[in-house]
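Taking it in order: structure first as structure tokens, then the write-up.
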Amino acid sequence: MYGTSIMPGVTRRGEATLMLVDSHTHLLRLEVSPEEAVRQAVEAGVGAVVNVGTDVEDSKRGAELAAVLPNVYSTAGIHPHNANIYSAADLEALAELSESPGIVALGEVGLDYYRGYSTPEAQKALFEDIISLANDTRLPLVIHSREAFPDTMASLGSARVPVVLHCFEGGERELQEAKERDYYVGLAGNVTYKNSGTADVILLMDPARLLVETDAPYLSPQPVRGERNAPKNVVYTARFIAGRIGIGEEELATVTTRNARNFFGLPLEV
Ligand SMILES: [Zn+2]
């Protein structure tokens, strides 16, 4: 079923049409089954989801999901939280997975000095190995960076593939650096929170480098904050961003879906 996509413009409540992509989600950790989550997402106008792997096992299961579920794509990666238990065999497993047809990117990988579950040295070693794998396979990179922006950008200096800074939570300075490198930024539900500094720089973002995501089951956007997140909720984040930019929801959907298609190479008509 890989490669099957719904027609662009899912009818919502019989009036407007909308087709969003949830560019970063964890289908294997939701309250409902992946199948049900995708069904609900399609109903809400979310025509495709990119499931993100956080270790080898998770990435393998993600590849299987992408192989059987229409409108589902997946990535292969090892989250920096898991850097301490990472081995050479894991990198080989990711290399093998990268050839599977449903795998559209490597990640999430990067640096997380906030939680600090793994040492910075272990995180950097893993990160650099996966950047090399991305350069070899030409797959784009999905980056997780928390309280580690300068080091993340330093390591990414060797990347020769498209990069998305997932769950971007930087301000003007970080955004400027991302723009200089032509990186994509992924905005998750936390951008809708009152204290989000990133919301204040949405207008400075390059619309052609903007992706929307849920990072479900985490970071539920307003007005469903407090509930476990699901891919269907990317609609709220998209609505918030459209409001900040001052464009219609449909236009925002078209732009970000086109960006997701370009970044991941998805077979979507948009
Ligand atoms: Zn994630």
Taking the Kirkwood radius as the inverse of the mean 1/r across Cα pairs, report the Rg/Rh of segment 71-225. 0.96
Lys, Arg +1 and Asp, Glu -1 on Cβ, resulting dipole of the chain about Cα centre, debye, nearest 20: 660
Built amide H within the under 5 Å cut-off of residue 107, gap 5+: 76, 77, 78, 142
For the chain, what is the accessible area per residue in Å² when the probe is 1.4 Å? 42
Kindly write out, for segment 258-268 in residue order, the coupling ³J(HN,Hα) from the Karplus curve 6.51 cos²θ - 1.76 cosθ + 1.60 (θ = phi - 60°), rounded to whole Hz, with x marking Gly and Pro. 4, 4, 5, 4, 5, 5, 8, x, 7, x, 10
For the residue pair residue 138 and residue 43, what label-to-label distance in nm results when each label sits 7 Å from Cα along the Cα-to-beta-carbon direction? 4.0
Which order do the peptides 65-78, 155-168 take when ranked by the mean count of other beta-carbon atoms within 10 Å per residue, highest first? 65-78, 155-168
Which one of 241, 54, 185 is farthest out on the positive end of the charge dipole of the chain, using unit charges on Cβ (Lys, Arg +1; Asp, Glu -1) and the Cα centre as origin? 241
Expressed as a whole percentage, what fraction of the accessible surface of segment 114-270 belongs to carbon and sulfur atoms when a 1.4 Å probe is rolled over the protein heavy atoms? 46
In square nanometres, what is the average projected area of the Cα convex hull of the chain? 12.7
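The values are calculated or read from the model by the stated rules, or taken from the named source; none is laboratory data. Please read these numbers as outputs of a predicted model, since none were measured by experiment. In this analysis, Cβ positions are derived from the backbone assuming ideal geometry, glycine residues included, and neighbour counts consider all displayed protein chains. Accessible surface is based on the protein model in full, side chains and every heavy atom, while ligands, DNA and RNA are left aside. Shrake-Rupley method; radii C 1.70, N 1.55, O 1.52, S 1.80 Å.
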